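Structure record follows, encoded as structure tokens.
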Amino acid sequence: MWKTLLVAGGLLVAGAMALAAWSYRQAGNDAEAAMRALAGRAKPAAGVFEPALVAELPEIARRYFTHAIAPGTRLATTVQLDMEGTFLLGDKSGFQTYAMTARQILAPPSEFVWTARMEAGLLHISGSDALVQGAGWTRFWINGLVPVVNVPASPDLNRSALTRSAMEAIWAPASLLPANGVTWEQTGLDTARLYFTTGIEPVDMTLGPDGRVLDVVAMRWSDANPDKQFRLQTFGGTMQAEATFHGFTIPSLVNIGNHYGTADYLPFFQARIVAADYL
């Protein structure tokens, strides 16, 4: 009797593990397919950059574009990124530190797929975040077997992901040109507010005297709070370095997190861009 129960229990556990492993592989395949599809939808570059294209914009916008885009650079608006760094899982009161590697395809302000692997000793968490054709998801597994989060598309998730896509447009500078539907407002000597046709909350940017991005912040729809309730709260961070890829000079070392500018700020996303290819 006990042997039979043990065998049955073992078979159930093995079956559950096999199903979890299959779900993990399938989700990975779906993310890779979404990345290929997004690359295939990349808009052809609308010519090349010349300073005359931004001559009528506010000074802060001219400063940004003439720093971020070299003359003669193809105005590509979709970028494939490779990154590495550190991911802090938790909040200001307690978090686990993971070494992170990730790939992303980004078509601001409305689409991205981010696949990542985060490791701490023998533990690894891997999966993807995405917003594709208006539908988002967040899917991650522990060691490829235990689902740690599997959130399908919803109005809340989609709204939050739209803000992320808009903020990450700093990695695809041509996407921020007015020709792509972005409106620039100079709000101070070194600050700008950017408005997007997607209708999400505007993004605020601080620039250095040479035009480099120093910080980015927005009010983001998020449930990363003690109440686990979706609401608008600050999200953003600082840029510590920049690098040039194929004529685009972009932030290459960033610290980003929830509650930016408050005592609860935790820069959970600390990434270095190691490659950027513009489609």
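The values are calculated or read from the model by the stated rules, or taken from the named source; none is laboratory data. Everything quoted here is computed from the prediction, not taken from an experiment. Cβ: placed from backbone, ideal geometry, glycine included. Neighbour counts: every protein chain shown. Accessible surface areas use protein heavy atoms only, side chains included; no ligands, DNA or RNA. Shrake-Rupley method; radii C 1.70, N 1.55, O 1.52, S 1.80 Å.
Among all positions in the stretch 157-175, there is no residue which is over 14 Å from the mean Cα position of the chain (by Cα) and open to solvent by 40 Å² or more (accessible area, probe 1.4 Å). For the stretch 224-235, the count of residues that are open to solvent by 70 Å² or more (accessible area, probe 1.4 Å), under 26 Å from Ala179 (Cβ atoms) and of a type outside the set (A, V, I, L, M) is zero. Listed here are the strands (runs of 3 or more DSSP E) enclosed by the stretch 111-151 that have at least 3 residues being β-branched (Val, Ile, Thr) and open to solvent by 20 Å² or more (accessible area, probe 1.4 Å): 146-151.
Let's see how each residue does on (1) of a type outside the set (D, E, K, R); (2) within 22 Å of Pro178 (Cα to Cα); (3) under 18 Å from the mean Cα position of the chain (by Cα):
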| position | (1), (2), (3) |
| --- | --- |
| His67 | yes, yes, no |
| Thr97 | yes, no, no |
| Pro108 | yes, yes, yes |
| His124 | yes, no, no |
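Looking at the stretch 39-55, I want the residues that are under 14 Å from Phe65 (Cβ atoms) and have a partner that is open to solvent by 80 Å² or more (accessible area, probe 1.4 Å) and part of a loop (DSSP other than H, G, I, E, B) with Cβ atoms under 9 Å, at least 6 apart or on another chain. Which pairs are those? That search, which allows pairs on different chains as well, returns Val48/Pro71; Phe49/Pro71; Glu50/Pro71; Pro51/Pro71. For the stretch 167-196, the set of residues classified as closer than 24 Å to Asp156 by Cβ, assigned to a strand (DSSP E or B) and touching a helix residue (DSSP H, G or I) at 6+ places or on another chain (Cβ under 9 Å) consists of Leu194 only.
Going by the conditions given, is Leu194 free of Cβ contacts under 8 Å to residues at least 60 places away in the same chain and open to solvent by 30 Å² or more (accessible area, probe 1.4 Å)? If you could, list the steps in order and put the result at the bottom.
Working: free of Cβ contacts under 8 Å to residues at least 60 places away in the same chain: yes; open to solvent by 30 Å² or more (accessible area, probe 1.4 Å): no.
It is false that Leu194 is free of Cβ contacts under 8 Å to residues at least 60 places away in the same chain and open to solvent by 30 Å² or more (accessible area, probe 1.4 Å).
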